[in-house]
Amino acid sequence: MTHFNKYRKSLFFGCFSVMFSITLAAQDNDLTTNTDSIVINTNKLVSKIKEDVNLGFQNRENRDVVGAVSSIEPGDFLKNDNTQWVRDALSGRMTGLKGSDNIRGLGTALIVVDGIPGRSIDLLNMEEIQEITILKDASAVALYGAMGRNGVIVVTTKRGTEKQEFNVSVSSGIKFPTSIPNYLGTAEYMTLFNEARANDGLAPNPGFTDEVIANHASGINPYRYPNVDLYSSDYMKDYASFSNVVADFSGAVNDTKYYINVGFKSDQTIQNVTDNDRGANRFNVRGNIDFRVNDWIKSSFDMIAILEQNKTSLTNLYDAGNSFRPDLYSPLLPISAIDVTGNPELAGVLQAAKKFNGFLIGGNQNFKDNVPLGDAYAGGSRTNVTRISQVSNAIDFDLSAITEGLSAKTYLSFDFYNLYNTSNVNQFAAYEPTWNDEGKIIGLVNVRENDRAGLTENINSNVFTIRYGFYGMINYEKQLGENHAINASLMALGNSTHVIDEEQSSKNNHLGMSVNYTYKNKLMFDFNSSYVHSIKLAEGNRGKFAPTLGFGYVLTEEPSLKNSSWLNYLKLRSSMGVVYSDFGIDGYFLYDAIYQQDGGSYNWGDASGSGFNNQYTSISRGQNDNLGMEKRMDYNLGFEALIAKKIWLEANVFRSDLSDQVINATTPYPEYYGGFRPYSNFNADKYSGFEFGANYLDRFGKFGMNIGARVLYTNSVRRVVDEVYADEYQNREGKPVNAIFGLKSLGFFGEDDFNTDGSLKAGIPSQFGALQPGDLRYSDINNDGKVNDQDQISIGRWDSPWTFSSDITLDYGAFTFFALLTAEVGGDGITDGNYYRPQGDQKYSEVVRGRWTPETANTATFPRLSSLPNTNNLGVNSTFWLYDNSNVRLQRVQLTYDLPSNWVEKLKMEDFSIYASGSNLLEISKNKDIRELQLTNSPMFRYYSLGLRIKF
C-alpha cells in the first residue's frame, strides 16, 4: 500500500501547488478576482420565491405551487461540486429524498426527463441538466396517474439561448478500493479446517498434514505449495483511473435556438491480468433544438445518442476470489521450473503449450472447470455494449386567437435501447504438474481441452426495447380582474414499452386534469386528478378516478405581515388525495381463474372399471373480476419561509396509506378451498413522518457562506397482513414494513451446558440438529422446550428511519470550499454469505479467527468451526449476525480556485476555474468494516480528481 499512499499524496500536493502558485502570481501582478464567478449570491433566496418550477407537464411559479415540491438547479452548485453522476448530485441535497431515488421511503420514484416518464437519470451528465424537481405528495404527482405512486423526480435539460455560449468541463483522477476481502492463507486455512473436522469427530484431512501445512507456510515453492490470493497485487491494481470530458454549446440562428452537449467518460477497472480488462467507456451526444413555425406555433426536437462499451476478460476475478480456495492448485506454472532433461515427451508438451509471460496455465483434474485465471488469461474476452437513442418532438400552440390564455401542447417520443455482449471464447489447456523432490516439474497432464483460438464472434443477451410515448395538453391561464387568477389543464397520456420477444408490452394510459385558482395572490386552491387505466385488470374494472385537493396560503401577503422587516415570505400548504396504481400487480390476467389437467383420471360408464377414462380438470386459482388497483391515500401539511432574506426554511408532515395491495390471500378462506383462492386486494401499510430543510446564505465582505441542512424521518407500519401465526409476537401486522425477523441469540453453548454423554442438560431447549459447546444458543420465546422458526421475533429493520444531510459552501476571494455530509440512523443489517458464514469446506475469511474454542470461550466472536453443513450456527438469521447500519459519511469535498478576471479576459473567456475534489472520503460508523466491504462484482471506491471548467 506504500505506492497507494505515495500516489495519493503526490496528486493532492500537485494540485495545491498549482493553486498556490497561481494565487501568488495573481497577487504579484495585482490581478483582480473574477467577480462574475462569485458562488454565493445573497439574492438567490429572494428570487427563488418567484422562480418558475418545472413540474414535468407544466411550469408554475414557486409561490403558486401547493403540493409538496423541492427543486434544485445544477447551475447553482455544479462549479463548486463538480460531480457528473446525477445520483450523487441528488443524494443528500434535496429535502424528503432518501438516497438518489427514494422519496419519503415509499420506494423507487418515477423518473421523468423532459416530460417523458420512465427515462433513466443514469444516461445524463450534470452539465446538460437545467433543473431537478421532486414531487412528493399526491397533489403534486396526480397528473402522472398510476406511474406516480412512489413520487416523481422531474429532470429538465437545458435549452438553447439567444446568447452564444461554449462550456467545457474536464476532470481526471484515480479511485482506491475502500476495502478488499481478507481471506486466510493456505496454511492457516488448512490448520483451521483440521480443527473443524476435529470438532465434528473426524480425522484430519489426509492432504492437510503438518508437513504439508509447514511447506505452504514457508513459501519455499509457492507453485508447488500454493497460497492463492486473487485480490493480491499479482492480479489487482492498487487503484484505477477515471476521466470525464463534457462540452456544451448553445446559441441561436434566426428563430432557431440550439443546445448541444457532448460527453466522454472512461472508468477503468482494478483487475490487472490482460489487456482485455479495459474498463468502460461511454460517449453521449444530445441536441435540443427550438424553433418557431409561425406566430402561433413553435416546436422543438430533442435527439440523444449514447454508446457505452465495457471490455473485460471472461472471468471477474473479484467475484471468483470469493470462492477460489487458496490451496486448490497453482493457477500459473513457471516454465523455468519444468525439467525436460531426458524427457522428450514432456519437452513436446512444453513446446506445444501456449505460454503467458513465462508461465503455463495450471489446473487440477478435480477442479478442471474452476479455472478463473485461465479464463482471464486465455479464455478470451467479452464486450458489453449499450446503444441508446431517444428522439422527441414537442409542438406548442398559442390559441389566444380563440380566447385569451388558451394554449395547447403535444409531445411525442421514441426511445430505443439495445443491450448485448459480444465474446470471443477460446479453448485452452490447463496443466496439472508432477513434482520431484528437488522442486522441479517432471510431468504435465492437460486436464482440459487443447489450445484453440475462437474464430467466431458470439452475440449474446441481445435485448432490444422500444418505448413510445405521447401526451397532449390543453391549458387555459388567465388573470380575472385584480383578485382572481385561474390555471386549468386537461391532458391525455399514453406510454408503451415493448421488449422484443416478450409477448406483453407494458402500457400506461391515463387522463389528467388540473385546476388552480388563486385569490389576491395569496390563497391558492388546487384540484388535480387523473383517470387511470390498467390492462392488468378485468374489462369493466380497468379504470379509476383519482382526485386530490390542495390549499396554499401566503401569509406574508396579509397587510400585517407584508412589510415585515424580518419575515420576507411565509406560505402554508396542505393537501390530500388518492393515487391508484397497478405497479404492485405482478403479472397479467391475475383476475382470471386457471384450470388445468394434472394427469389424474377417473373412470365412468362401467362399475367394473372397464369403461371410459377421463382426465381430471382441477382449478389452481379462482376468478376475481373485482380485482382492483392498489390505493395510496395521502395527507400533507407544510410550510416554506424566508427570514431576513438569508434563511430559507421548508417543512412537511405527511402520511401515506397504501392499501388494497394485491396478493393471493389465504386467511379469508377455509383451508379446504385450496386452489379456489383468487387474487384479491388485501394487505395495507402506512408510511408517516416529517421532513425539514434549511438554508442559510450570507456574505461578509469577501467571505461568503451557504449552509444547508435537511432531516427526514419516515416510519412504516404494516396495518393489514395476510398471516396466521400461533403466537402473536410473530405477526407482521404492527411491525415496520422492512422489519427483520430472526432468533434471539443468547451467545454460545458452554461445556457446562452438556452432560458427560454430550446431551443437553435438563431444561435446556433443543435446537437445530446435534449440538456441542461453541454452537450458538437461542432463546425459546414460546417456552415449548424447543427452538425453531416459531421462536423468530422482530429483531431489527432494514431501512433507516432517520436520514440527515448537510452541504457547506464557503468562499473567500478566489477560493471556494464545498463539503457534503450525510447520515443514516436506526437501520440494521445482517451479515450473510460465505465470507461471514462459511459452510463446509468453503474458504475462510478473517472472521473465523474469532472462533469459539474452550480457551476463547469468553472472548469468541464466531461459533466453533465445523467441516459439515451447520444449520444451527450458520443457516438461520439471529441477533448474532445483526449489526447496526447507522453511519455518518463525508460524501464529497471540493476546493475550487477561480482565475483572476484579468487573466480570464486575456484568454478571451468568461470564466476559468480549477479544482481538486474527493468523493466517498470518510465514514464514521460502528460497523465501518462491514459497510465498506463489497463482496461482488467490484469493490467500493474512494475517488480523488483534478479538474477544470471553462466558459466562453
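Having 3 or more residues that are at pLDDT 95 or above is the bar; report the strands (runs of 3 or more DSSP E) wholly within the range 512-624 that clear it. Talk me through it step by step, then tell me what you get.
Details: elements: 523-533, 543-554, 567-581, 594-596, 601-604, 612-615, 618-621.
Fully inside the range 512-624 and qualifying: 523-533, 543-554, 567-581.
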Given the conditions (1) surrounded by fewer than 20 Cβ atoms within 10 Å (Cβ to Cβ); (2) in contact (Cβ under 8 Å) with a residue 60 or more places away in the chain; (3) not in a loop (DSSP other than H, G, I, E, B), and given that Asp238 satisfies all but one, which numbered condition is not satisfied?
(3)
Complete set of residues in the range 181-194 that are over 20 Å from Phe941 (Cα atoms) and either part of a strand (DSSP E or B) or in contact with a strand residue (DSSP E or B) (Cβ under 9 Å, 6 or more places away or on another chain) (or both):
Leu184, Tyr189, Leu192
In the range 386-428, how many residues are modelled with pLDDT of 95 or more, part of a strand (DSSP E or B) and aliphatic (A, V, I, L, M)?
7
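Restricting attention to the range 134-151, does a residue exist that is under 21 Å from Ser919 (Cβ atoms), in contact (Cβ under 8 Å) with a residue 40 or more places away in the chain and of a type outside the set (Gly, Ala, Ser)? Break it down stepwise before answering.
Filtering the range 134-151 for residues under 21 Å from Ser919 (Cβ atoms) gives none.
No, the range 134-151 contains no residue that is under 21 Å from Ser919 (Cβ atoms), in contact (Cβ under 8 Å) with a residue 40 or more places away in the chain and of a type outside the set (Gly, Ala, Ser).
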So which of Asp375, Asp437, Asp396 ends up being more than 30 Å from Ile500 (Cα to Cα), without any contact (Cβ under 8 Å) to a residue 12 or more places away in the chain and charged (D, E, K, R)?
Asp437
Quick one: which residue in Ser100, Ser120 is among the polar types (S, T, N, Q), free of Cβ contacts under 8 Å to residues at least 12 places away in the same chain and closer than 20 Å to Asp267 by Cβ?
Ser120
Quick check: anything in the range 252-264 over 26 Å from Ile950 (Cα atoms), surrounded by 16 or more Cβ atoms within 10 Å (Cβ to Cβ), basic (Lys, Arg) and modelled with pLDDT of 95 or more?
no
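Yes/no per residue for (1) modelled with pLDDT of 95 or more; (2) part of a helix (DSSP H, G or I); (3) more than 25 Å from the chain's Cα centre (by Cα); (4) crowded, with 17+ Cβ neighbours inside 10 Å:
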residue: Ile132; (1), (2), (3), (4): yes, no, no, yes
residue: Val141; (1), (2), (3), (4): yes, yes, no, yes
residue: Lys175; (1), (2), (3), (4): yes, no, no, yes
residue: Ser179; (1), (2), (3), (4): yes, no, no, no
residue: Phe208; (1), (2), (3), (4): yes, no, yes, yes
residue: Ala214; (1), (2), (3), (4): yes, yes, yes, no
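Is it true that some residue in the range 30-38 is crowded, with 20+ Cβ neighbours inside 10 Å, over 26 Å from Val711 (Cα atoms), polar (S, T, N, Q) and modelled with pLDDT under 90?
Yes, the range 30-38 contains a residue that is crowded, with 20+ Cβ neighbours inside 10 Å, over 26 Å from Val711 (Cα atoms), polar (S, T, N, Q) and modelled with pLDDT under 90.
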Could you tell me whether any residue of the range 75-83 is modelled with pLDDT under 95, outside any loop (DSSP other than H, G, I, E, B) and not aromatic (Phe, Trp, Tyr)?
yes
Among (1) of a type in the set (A, V, I, L, M, F, W, C); (2) farther than 30 Å from Leu697 by Cβ; (3) crowded, with 18+ Cβ neighbours inside 10 Å, there is one condition Trp798 misses while meeting the rest; what is its number?
(3)
The range 155-197, residues that are in contact (Cβ under 8 Å) with a residue 24 or more places away in the chain and β-branched (Val, Ile, Thr):
Val155, Thr156, Thr157, Thr161, Val168, Val170, Ile174, Thr178, Ile180, Thr186
What is the number of the single condition among (1) closer than 25 Å to Tyr725 by Cβ; (2) surrounded by 14 or more Cβ atoms within 10 Å (Cβ to Cβ) that Lys645 does not meet?
(1)
Select from the range 769-794 the residues that are in contact with a strand residue (DSSP E or B) (Cβ under 9 Å, 6 or more places away or on another chain) and either among the hydrophobic types (A, V, I, L, M, F, W, C) or assigned to a strand (DSSP E or B) (or both) and list them in ascending order.
Leu771, Leu776, Arg777, Tyr778, Ile781, Lys786, Val787, Ile793, Ser794
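Return yes when Arg719 is in a strand (DSSP E or B), in contact (Cβ under 8 Å) with a residue 12 or more places away in the chain, more than 31 Å from the chain's Cα centre (by Cα) and surrounded by fewer than 16 Cβ atoms within 10 Å (Cβ to Cβ) and no when it is not.
Details: in a strand (DSSP E or B): yes; in contact (Cβ under 8 Å) with a residue 12 or more places away in the chain: yes; more than 31 Å from the chain's Cα centre (by Cα): no; surrounded by fewer than 16 Cβ atoms within 10 Å (Cβ to Cβ): yes.
So Arg719 does not fit the description; no.
Taking the range 471-497 only, how many residues are of a type outside the set (A, V, I, L, M) and buried (at least 16 other Cβ atoms within 10 Å of the Cβ)? It would help to see each step written out before you state the result.
Going through the range 471-497, the residues of a type outside the set (A, V, I, L, M) turn out to be 471-472, 475-479, 481-484, 487, 489, 494-497.
Then drop every residue that is not buried (at least 16 other Cβ atoms within 10 Å of the Cβ), which leaves 471, 475-477, 487, 489, 495, 497.
Qualifying residue count, the range 471-497: 8.
Mind listing just one residue for me: the one in the range 84-109 that is among the hydrophobic types (A, V, I, L, M, F, W, C) and in a loop (DSSP other than H, G, I, E, B) and, of those, surrounded by the fewest Cβ atoms within 10 Å (Cβ to Cβ)? Walk me through it before giving the result.
If we filter the range 84-109 for residues that are among the hydrophobic types (A, V, I, L, M, F, W, C), which is where we start, we get 85-86, 89-90, 94, 97, 103, 106, 109.
After this cut, where a residue has to be in a loop (DSSP other than H, G, I, E, B) as well, the list is 85, 94, 106, 109.
Details: Trp85: 18, Met94: 24, Leu106: 20, Ala109: 24.
Filtering the range 84-109 for residues that are among the hydrophobic types (A, V, I, L, M, F, W, C) and in a loop (DSSP other than H, G, I, E, B), the one surrounded by the fewest Cβ atoms within 10 Å (Cβ to Cβ) comes out as Trp85.
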Is at least one residue of the range 919-932 touching a helix residue (DSSP H, G or I) at 6+ places or on another chain (Cβ under 6 Å), under 28 Å from Val246 (Cα atoms), crowded, with 19+ Cβ neighbours inside 10 Å and in contact (Cβ under 8 Å) with a residue 12 or more places away in the chain?
no
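For residues that are buried (at least 17 other Cβ atoms within 10 Å of the Cβ) and either assigned to a strand (DSSP E or B) or in contact with a strand residue (DSSP E or B) (Cβ under 6 Å, 6 or more places away or on another chain) (or both), tally how many sit in the range 885-908.
Kept after step one, since they are buried (at least 17 other Cβ atoms within 10 Å of the Cβ), are these residues of the range 885-908: 885-887, 889, 891-901, 903-904.
Next cut, either assigned to a strand (DSSP E or B) or in contact with a strand residue (DSSP E or B) (Cβ under 6 Å, 6 or more places away or on another chain) (or both) only: 885-887, 889, 891-899, 904.
Count: 14.
Please go through the range 503-524 and pick out each residue that is touching a residue at least 12 places away in the same chain (Cβ under 8 Å) and charged (D, E, K, R).
Within the range 503-524, Lys507, Lys520, Lys522 qualify.
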Flag if Ala187 is at pLDDT 95 or above and under 28 Å from His510 (Cα atoms)
no
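From Ile781, Ile808, grab the single residue that is closer than 30 Å to Leu868 by Cβ, surrounded by fewer than 19 Cβ atoms within 10 Å (Cβ to Cβ) and in contact (Cβ under 8 Å) with a residue 40 or more places away in the chain. Before the answer, list the steps.
Details: Ile808 fails: closer than 30 Å to Leu868 by Cβ.
After applying the criteria, what remains is Ile781.
Check Asn272, Asn288, Asn276 and return the single one that is in contact with a Phe, Trp or Tyr (Cβ under 8 Å, 6 or more places away or on another chain) and closer than 24 Å to Gly380 by Cα. It would help to see each step written out before you state the result.
On the way: Asn288 fails: closer than 24 Å to Gly380 by Cα; Asn276 fails: in contact with a Phe, Trp or Tyr (Cβ under 8 Å, 6 or more places away or on another chain).
From the options Asn272, Asn288, Asn276, the qualifying one is Asn272.
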Every listed condition ((1) of a type in the set (S, T, N, Q); (2) part of a strand (DSSP E or B); (3) in contact with a Pro (Cβ under 8 Å, 6 or more places away or on another chain)) holds for Asn288 save (3)
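Is it the case that some residue within the range 816-836 is part of a loop (DSSP other than H, G, I, E, B) and more than 30 Å from Asn738 (Cβ to Cβ)? Walk me through how you get there before you give the answer.
We begin by selecting, within the range 816-836, every residue part of a loop (DSSP other than H, G, I, E, B); these are 826-827, 831-836.
This time we only want the ones that are more than 30 Å from Asn738 (Cβ to Cβ), so: none.
No, every residue in the range 816-836 fails to be part of a loop (DSSP other than H, G, I, E, B) and more than 30 Å from Asn738 (Cβ to Cβ).
The values are calculated or read from the model by the stated rules, or taken from the named source; none is laboratory data. Please read these numbers as outputs of a predicted model, since none were measured by experiment. Cβ sites come from the backbone with ideal geometry, for glycine too, and all protein chains shown count toward neighbours.
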